[in-house]
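The block underneath contains the structure these notes are about, expressed in C-alpha cells.
Just so it is clear, none of the values below were taken in a lab; they were calculated from the coordinates. Computed from a predicted model, the values in this text were never measured in an experiment. Here the Cβ is made from the backbone with ideal geometry for all residues, glycine too, and neighbour counts use every protein chain on show.
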Ligand code: UDP
C-alpha cells in the first residue's frame, strides 16, 4: 500500500491522510506515556489490541445509535475514520473513585460514586490538560452550550451502555475519557465520538478480584501490562485462541 501523508503524530497514534476526502487513517502505536508524557514506554502489541478493542466498542455504540467517526478497520494497526474538527475538550466520566479524583478530593479509590460524574479538561499538552468548568468552555468558545449538551447526552449513553457491556464480561468500567468532533454533512453539523475507546483511556477492573486491566498497570508499574490489555480483548471475544484474525461474540461471565 502506498505510504500516505502523515498529518499528525500523537503519543499513542498517528493520523494519515485518508484514501478519500473527508477520511483519515488512524494508526495505533505501541508507545505509552503517562503523567503528561513524563513517563514513556512501549507496551508490545498494545496498538494491535487497541485498534481491535476500539473498533469493537465503536461498532457496538453505532448499533445503539451513538454516532462515531469510525468507518472500518483496515488492518492490524490501522482504521479508517471520518475527518472531524476535534473539540479541544477531554470529557472524563466516572463511576467509581480512582486516579486524580481520589488524589484531589481524598475519596478512597474504589468507592462507588453517588452518581456518575462528568469532568472537563482542556486539551493542551503544554498546559498539562488542565481541568476546566463549563463556563471556561463556553466563554472561550471551545464549544457552545448546545455542543456541550449534545456531548453530555452522548457521554451518558456511552457510559450506561459500556458499563453494561463490560459488566457482562466481568469487568467494572471505573472511569473513561472521551473526545468528540464536529462532522459537517451538507450544511448540518453533528457531534460525533472521535479518538478511541480502549484500556489506554478507560479504567477497567476485574469485577471479582478488582485487578486492574488498563493503563494503570503501566502508570503504576504493576507489571503484566500487555496481559491486562489482552485479557480485556479476550473477554470481549475479540482475541480468540487461534490468534487475532477470527472474531466471536463476547463471553458471558457467571
Ligand atoms: N485519561 C485519558 N487521558 C488523559 C487523562 C485521563 O485517557 O490525558 C483517562 C484515564 O485513563 C482514566 C480517566 O481518564 O480512565 C480519568 O483519569 P484521571 O483524571 O484519574 O487521571 P490520571 O489518574 O490518569 O492522571
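For the pair residue 8/residue 222, report the inter-label distance in nm, with labels modelled 7 Å from Cα in the Cβ direction.
3.0
What percent do you get for the relative contact order of the stretch 71-150 when only Cα pairs under 8 Å and 6+ apart count?
For the stretch 71-150, the relative contact order is 23 percent.
Counting each DSSP H run of 4 or more residues in the chain as -39500 (n - 2.57), what helix-only mean residue ellipticity at 222 nm follows after dividing by all residues, to the nearest 500 deg cm²/dmol?
Calculated from helices alone, the mean residue ellipticity at 222 nm is -8500 deg cm²/dmol.
Under Stokes-Einstein, with the Kirkwood radius over Cα pairs standing in for Rh, what whole-number D in µm²/s applies to the stretch 29-182 at 4 °C and 1.567 mPa s?
76
Which one of 104, 224, 73 has the biggest mean-square fluctuation once the chain is modelled by GNM with Cα springs under 10 Å?
Of 104, 224, 73, the Gaussian network model singles out 104 as fluctuating most.
Of 72, 235, 220, which has the largest mean-square fluctuation in a 10 Å C-alpha GNM of the chain?
Of 72, 235, 220, the Gaussian network model singles out 220 as fluctuating most.
PRE reach from residue 167 (point 7 Å along Cα→Cβ): which of the stretch 204-241 fall under 18 Å by backbone N?
Backbone N within reach: 204-211, 236.
Specify whether the C-alpha gyration tensor of the stretch 1-69 places it in the rounded, prolate or oblate class, a ≥ b ≥ c being the square roots of the eigenvalues: rounded for a/c under 1.5, otherwise prolate if a/b is larger than b/c and oblate if not. It would help to have the intermediate numbers written out before the result.
Numbers: a/c = 1.99, a/b = 1.21, b/c = 1.64.
It is oblate, given that a/c is not under 1.5 and a/b is not larger than b/c.
Quick one, can you get me the convex hull of the C-alpha atoms of the stretch 98-204 expressed as volume per residue in Å³?
Expressed per residue, the convex hull around the Cα atoms of the stretch 98-204 is 134 Å³.
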